[in-house]
Every structure is written in structure tokens, then in C-alpha cells.
Amino acid sequence: MNLDFTGKCILVTGGTRGIGRGIVEAFLEAGARVAVNGSTDESTAKAVSELDAGDRVVAAPGSVGEVAGCNAVVAAAVEGLGGLDVLVNNAGRGGGGTIEDIDEELWDRVLDTNLKGTFFTIKAAIPHLRASKGNIVNIASVNGMTGVMKSTAYGPSKAGVINMTKCLAQEFAPDVRVNAICPGGVDTDMLQNLAVRKAGNVPDGYEIIAADCPQGRISDVSELAKPVLFYASDAASFATGSIIAIDGGETA
Ligand SMILES: NC(=O)c1ccc[n+]([C@@H]2O[C@H](COP(=O)([O-])OP(=O)(O)OC[C@H]3O[C@@H](n4cnc5c(N)ncnc54)[C@H](O)[C@@H]3O)[C@@H](O)[C@H]2O)c1
């Protein structure tokens, strides 16, 4: 299937690196215009310059961990692109440990970015998405679908994103679809950090993580980006409130 997003306006939060960057690149390849969000002016400007896509890429810097940041990011995207057809809530941060390890600051940082940020970015974007009859793809996690040991801040934040997806899919129907993709292990800075915490180095840590996956491997960002484009496209016109695991069979 050839997904064509020519003329469509897309905002990807946390689009400067990792999965978000893969999603940005896939939308550009499919002809879209994309607003790239990073948490700082510098990280956003660097990504925009590296993407080298002329006026098809605009910068929408700001932290989605605060409501004012969410509003500024959406405003910059809408102004730079001239509208909004697809919002991808990808910005996220890890953070876990035992209950003794998780203090108020860590809990707030993880929940503010992953859950509150998703909610308030959607709140800022929804008038524009209603106008375009657009759609939303939230990047949740397999850790939000099942309970994972030492994931007691991150897991609940992603479970919240999953539940929010189902609530808002009903609230916004029939005009704006809302779906969530739940990745398993994807090769990014976030997973490399987790691998080092598990085993002291990335290859050994990846071996431990891949052992929980029937496909026995870590995925590449491109394997996440393609499903995101599918659910953001008219090919998925009857999909809303769907929670899609892209995890090599991990949650199966
Ligand atoms: N890598 C995995 O294995 C994996 C698995 C499941 C879910 N996820 C989810 O996928 C998404 C992307 O993760 P990744 O692996 O690419 O991680 P990453 O750490 O490589 O990238 C995260 C991105 O989010 C941005 N970000 C973080 N806090 C932000 C804030 N407050 N405001 C704006 N941007 C912010 C970062 O700058 C970065 O661009 C996250 O939501 C993550 O929870 C990742």
C-alpha cells in the first residue's frame, strides 16, 4: 500500500530523535509537511536543519511537560504549517525502579511528560483537528498494556494514555479518530539507557529485553513509523479507539 500524505500537515512531538524522528522522516517521504517538536529551541533547530526538507519542515519547540509548552507547540505548528491534519503524541520519557526509588520529582516528571503532555497537546490541537477532520496517534507502550516489574511510574503513565485514547475516541467521533500504538523494544536512546541499566552495556541488555519477545529481537524505528502512517491515513478510516501493539509478539 502506498500511503500518500501530500498536502497534509502533521505535528510530531518529540520528533527530534528516536521513534519520533523515524515518524517525521516517514511522513516527509510520504509527501507531508511536518512540524517537528523538541523540548528545546536548540534540539528542534538541529533536527530541522538535519532533515533538510525546505519549507516542508517547520520547528515547533517547547516542553510538553507543561500546559503552556503544549499550547506553544501546537500554535507554532499550526502557524508554520497553516493547519493541522495529524497529531502524533510521541514525546515521552522513561523512569522507573522500585517504589522506594520513585520519589515525587521522578513521578511528576514521567507523568507530566507522558500523560499530562498528551492530554494538553490534544486539548490545544482539537479545534484544528475538528476543522480538518484529522486524527491523532498516541505512542503508548506495551508497559501500559501489562504490568512490568520496576515500571511503576512509566507503566501507569502509558496505561493512562491507552485509557485516554479510548475516552477521547468516543468524545471526538465521528469527526476525529484517536488511536494508540504500543511499541515493544525499539532501538533508541531510551531503550539503550534501559539496556545499560539492566546489564551494564547495550548488547547484553538488548539480549535480555529480546528474550521476552517471540520474534527474539529489538525493532528498528522504521518498523514503528509505518504502522503510525497507516493509522493516520484514510486506509484506517474505521479505526478509532484502537490500541495496537507493535511488539514482535511480546504481549501475545
Ligand atoms: N524505545 C522503546 O523501546 C519504546 C517502547 C515503548 C514506547 N516507547 C515510547 O516511544 C516514544 C519515543 O521514545 P524513544 O524510544 O524514541 O525515546 P527517545 O528518548 O529516544 O526520544 C524521546 C523524544 O521525546 C522528547 N521529549 C522528552 N521529553 C519531552 C518534553 N517534555 N517535551 C518535548 N519533547 C520531549 C525527546 O526530546 C526525544 O525527542 C516515547 O513516548 C516512549 O515512551 C518507546
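The values are calculated or read from the model by the stated rules, or taken from the named source; none is laboratory data. All values reported here derive from a predicted model rather than from experimental measurement. As a convention, Cβ positions derive from the backbone with ideal geometry for all residues, glycine included, and neighbour counts pool all protein chains shown.
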Residues satisfying the stated conditions in region 209-231, i.e. away from the ligand (no atom under 13 Å from the Cβ), without any contact (Cβ under 8 Å) to a residue 60 or more places away in the chain and not small (Gly, Ala, Ser): 214, 215
Residue that is of a type outside the set (Asp, Glu) and buried (at least 21 other Cβ atoms within 10 Å of the Cβ), where the choices are 197, 177: 177
Pair list, Cβ < 7 Å and 6+ apart or interchain, from region 17-38 residues that are touching a residue at least 12 places away in the same chain (Cβ under 8 Å) and assigned to a loop (DSSP other than H, G, I, E, B) to residues that are surrounded by fewer than 24 Cβ atoms within 10 Å (Cβ to Cβ) and of a type in the set (Asp, Glu): 17/189; 30/4; 31/4
Those residues of region 25-70 which are surrounded by fewer than 21 Cβ atoms within 10 Å (Cβ to Cβ) and charged (D, E, K, R), in sequence order: 25, 29, 41, 42, 46, 50, 52, 55, 56, 66
Residues of region 126-165 that turn out to be part of a helix (DSSP H, G or I) and either surrounded by fewer than 19 Cβ atoms within 10 Å (Cβ to Cβ) or within 15 Å of the ligand (Cβ to nearest atom) (or both), as a count: 19
Test for residue 48: is it touching a Cys at 6+ places or on another chain (Cβ under 7 Å) and without any contact (Cβ under 8 Å) to a residue 60 or more places away in the chain: no
Options 116, 123; residue that is out of contact with any helix residue (DSSP H, G or I) (no Cβ under 6 Å at 6 or more places or on another chain), within 13 Å of the ligand (Cβ to nearest atom) and farther than 17 Å from residue 38 by Cβ: 116
Neighbours by Cβ (under 7 Å, 6+ apart or cross-chain): first from region 157-177, at negative phi and β-branched (Val, Ile, Thr); second part of a loop (DSSP other than H, G, I, E, B) and surrounded by 15 or more Cβ atoms within 10 Å (Cβ to Cβ): 161/140; 162/140; 162/145; 165/241; 176/134
Flag if residue 62 is in the same structural domain as residue 144 (by TED's automatic domain parsing), at pLDDT 95 or above, touching a strand residue (DSSP E or B) at 6+ places or on another chain (Cβ under 7 Å) and part of a loop (DSSP other than H, G, I, E, B): no
Residue 56 being charged (D, E, K, R) and within 18 Å of the chain's Cα centre (by Cα): no
Pick from region 81-95, criterion within 13 Å of the ligand (Cβ to nearest atom) and either touching a Lys or Arg at 6+ places or on another chain (Cβ under 8 Å) or assigned to a loop (DSSP other than H, G, I, E, B) (or both), ranking: modelled with the lowest pLDDT: 95
Residue tally, condition more than 8 Å from the ligand (Cβ to nearest atom) and within 21 Å of residue 158 (Cβ to Cβ), over region 171-192: 8
Residue match in region 229-237 (condition: within 20 Å of residue 93 (Cβ to Cβ) and out of contact with any Ser or Thr (no Cβ under 6 Å at 6 or more places or on another chain)): no
